[in-house]
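Beneath this line is the structure, given in structure tokens, with notes to follow.
Each value in this text was obtained by applying a stated rule to the coordinates, not by laboratory testing. On a predicted model such as this, the values are computed, not experimentally measured, just so you know. Virtual Cβ from ideal backbone geometry, glycine too; neighbours counted across all protein chains shown.
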Amino acid sequence: MEWQGYASIALVAVQVGVQPLLTIQYLSVYANKTVVVIIQELVKIVGGIITLTLANQWNEIAKIWNFRESLELAFFPSLIYSIQNVLAFVAYDHLDPLTFNLINQTKIISAAVFLYLLLKRKQTQRQLLSLVIVFFVAVMLSIDTEAHKGQSKTSQQTNSSTGSTFKKNEEFGLSAVLAASLFSGLAGTLVQKALQQSASTNNSGRNSLFYTIEMGFYGIVLMVLRLCFEMYLHILDGKKIIEKGVFHDLNWTCLVPITSNAVGGIGVGMLTKYAGVINKSYAMILGIMITGILRCLFWEEPMTVAMIAGVPMVMLSIYLNIQGSAETKSKEKTS
């Protein structure tokens with residue numbers, strides 16, 4: 001693995017580790033989450049364009065790009081990722097940052113299911129054990145969150161327009177992060193299938209950064225259309241825009257978590273290309289470790305026993321999943 005691979009692992013690890021804390025610290029709980037995701041995708045697109053321009057890769061991309069293939073490979077994953085991102089921002093508001101990052105790893109369960117359904121890829125014994133562990137941790141943390149609900153003082157913001165105080169809804173947060181994990185597994189499998197399909201049709205494969213730009217563009221189009229539909233029906237985020245405006249409770253500080261998330265999205269694309277999907281899991285392990293350390297240093301509420309136990313268990317689960325994936329690749333090469 002070259003330096004780009006190690007750099008992308010470090011980038012994704014730091015982003016995963018700090019993202020929940022940055023979001024809670026700098027993004028208002030009253031902000032319209034769909035608008036936040038649209039801004040995030042715009043930042044991601046701008047970052048990708050700048051990077052590709054500096055790398056002088058546009059001529060290479062233009063030679064192999066066509067609109068039909070772009071729609072086939074990027075449109076549907078972008079729809080799923082846009083929903084997942086909104087759900088993730090909602091979950092940040094209602095869950096402890098470490099709890100979010102740990103339960104979010106249930107995406108390896110959904111990924112395993114969709115890998116089997118879409119790519120006919122079976123799980124090894126190590127991978128099955130890793131799925132059992134992460135499922136147990138998710139159940140343990142869900143029970144722990146329910147037992148301590150309403151006790152957190154962090155992120156209890158006051159609405160400037162109504163004067164009401166935001167109260168965390170742990171059940172809603174758990175539902176949001178589990179749904180986001182489900183969508184993440186599906187989207188990740190579709191992206192993997194798309195990149196494999198692209199690699200089989202041309203030697204160089206699809207440019208990961210440009211693929212990120214494509215998905216960001218389609219995601220913005222889909223979210224704007226959804227907001228227009230919701231405004232017409234006067235429901236959900238569309239209703240919020242009619243009543244409070246597009247940028248209600250958003251200021252320049254929101255760019256901190258938005259830019260972090262966008263950089264993470266670009267980093268995942270680079271990691272997939274330069275380090276491989278398996279090595280992405282090492283970034284997740286490091287990211288969880290970073291979240292745990294930062295939470296100990298900067299959070300008011302102490303970690304619960306379930307959180308302390310959950311950190312090494314999830315790290316072990318991810319490691320077993322890595323070993324299982326490596327075992328599967330070794331068998332495929334041998335055969």
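Taking only the C-alpha atoms, wrap a convex hull around segment 3-334 and report its volume per residue in Å³ as a whole number.
Spelled out: Cα convex hull of segment 3-334, divided by residues, is 140 Å³.
Of the DSSP H helices in the chain, those that are both long (alpha-carbon extent of 18 Å or more along the helix axis) and hydrophobic (Kyte-Doolittle mean at least 0.5) are 3-26, 33-54, 76-94, 125-147, 170-201, 208-233, 255-274, 277-298. Each of GLU146, GLU300, GLU170, GLU69 has some number of other Cβ atoms within 10 Å of its Cβ, and from fewest to most they run GLU300, GLU146, GLU69, GLU170. Ordering VAL86, TYR6, CYS228 by Cα displacement along the dipole of the chain toward the positive end leaves TYR6 in first place; charges were set at the Cβ atoms of Lys, Arg (+1) and Asp, Glu (-1). In summary, the lysines within cross-link reach of LYS33, defined as a Cα separation below 27 angstrom excluding same-chain residues under 8 places away, comprise LYS44, LYS107, LYS149, LYS153, LYS167, LYS168, LYS239, LYS240, LYS244, LYS280.
Relative contact order for the chain using alpha-carbon pairs under 8 Å, separation at least 6, rounded to a whole percent?
Numbers: 439 pairs, mean separation 133.8, N = 335.
RCO, the chain: 40 percent.
Each peptide in 173-186, 247-260 receives the mean, over its residues, of other Cβ atoms within 10 Å, and ordering these scores from highest gives 173-186, 247-260. In deg cm²/dmol and to the nearest 500, what is the mean residue ellipticity at 222 nm of the chain if only DSSP H runs of at least 4 residues count, each as -39500 (n - 2.57), divided by the residue total? It comes out at -26000 deg cm²/dmol, rounded to the nearest 500.
Among PHE89, PHE75, PHE67, PHE229, a tally of other beta-carbon atoms within 10 Å of each Cβ gives an order, fewest to most, of PHE67, PHE229, PHE75, PHE89.
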